[in-house]
């Protein structure tokens, strides 16, 4: 399952299927997809001597997921653009498209308040929570039990920290301590080299989008 799908499952109530408040989830989903491609070494930072970080698509084996392949095509079309420009271009209907994929695999089901011809589906109750429970368990061990997270879990925590969603993962716990632990993981050395630089810039742009959306939606002065 893709990192963006994990993020989306965490953002939805299992019983009602309604979205749990996460600021600018679309930008976080775009960031998750880019980080997934960075991990697959299909997206990298452009090595052109420019002080500003710019993303570029790399040649290699197909991503394995048709959805990711489509995202990679978009990155290739925007080759050399800044992360915020790529994130903005990708966001919009990612949640709906990802939920459609989860429904096809029996992980979620559409449960709209009105016929699709009138209104879009607004609820996606969980059909099979096995994977989500595993993700939550890994997050809990990393955030509350100080277990060293694997790279995938660390990436997810970094994205959740960027949109300040970490405290929503557990009830009855010290939220400040959870935020502190998440920040420590996000700033840790779980990724290195060029990969780390790309991921750092992507998560930074996700954070900007969550805190001040107008800053990322402004037309770029330089492309």
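The values are calculated or read from the model by the stated rules, or taken from the named source; none is laboratory data. Everything numeric in this text was worked out from a predicted model, so none of it was measured. Here the Cβ is made from the backbone with ideal geometry for all residues, glycine too, and neighbour counts use every protein chain on show.
Here are the numbers for the structure shown:
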{"item": "Cβ pairs under 9 Å, 6+ apart, first in the stretch 41-64 and more than 16 Å from residue 77 (Cα to Cα), second assigned to a strand (DSSP E or B) and modelled with pLDDT under 90", "result": "53/45"}
{"item": "Conditions (1) surrounded by 14 or more Cβ atoms within 10 Å (Cβ to Cβ); (2) touching a helix residue (DSSP H, G or I) at 6+ places or on another chain (Cβ under 7 Å); (3) at pLDDT below 95: number failed by residue 62", "result": "(1)"}
{"item": "Pick from the stretch 127-138, criterion in contact with a helix residue (DSSP H, G or I) (Cβ under 9 Å, 6 or more places away or on another chain) and without any contact (Cβ under 8 Å) to a residue 40 or more places away in the chain, ranking: surrounded by the most Cβ atoms within 10 Å (Cβ to Cβ)", "result": "138"}
{"item": "Subset of the stretch 83-109 [farther than 17 Å from residue 1 by Cβ, in contact with a helix residue (DSSP H, G or I) (Cβ under 8 Å, 6 or more places away or on another chain) and surrounded by 14 or more Cβ atoms within 10 Å (Cβ to Cβ)]", "result": "83, 84, 86, 87, 88, 89, 90, 91"}
{"item": "The stretch 134-184: number of residues that are modelled with pLDDT under 90, more than 18 Å from the chain's Cα centre (by Cα) and within 22 Å of residue 35 (Cα to Cα)", "result": "0"}
{"item": "Qualifying residue in the stretch 199-212 (condition: surrounded by 15 or more Cβ atoms within 10 Å (Cβ to Cβ), assigned to a helix (DSSP H, G or I), in contact with a helix residue (DSSP H, G or I) (Cβ under 8 Å, 6 or more places away or on another chain) and at pLDDT below 85)", "result": "yes"}
{"item": "Residue within the stretch 9-23 that is closer than 17 Å to residue 156 by Cα, crowded, with 19+ Cβ neighbours inside 10 Å and at pLDDT 90 or above present", "result": "no"}
{"item": "The stretch 57-68, residues that are closer than 13 Å to residue 41 by Cα and under 16 Å from the mean Cα position of the chain (by Cα)", "result": "68"}
{"item": "In the stretch 65-80, the residues that are at pLDDT 90 or above, part of a loop (DSSP other than H, G, I, E, B) and out of contact with any helix residue (DSSP H, G or I) (no Cβ under 8 Å at 6 or more places or on another chain)", "result": "79, 80"}
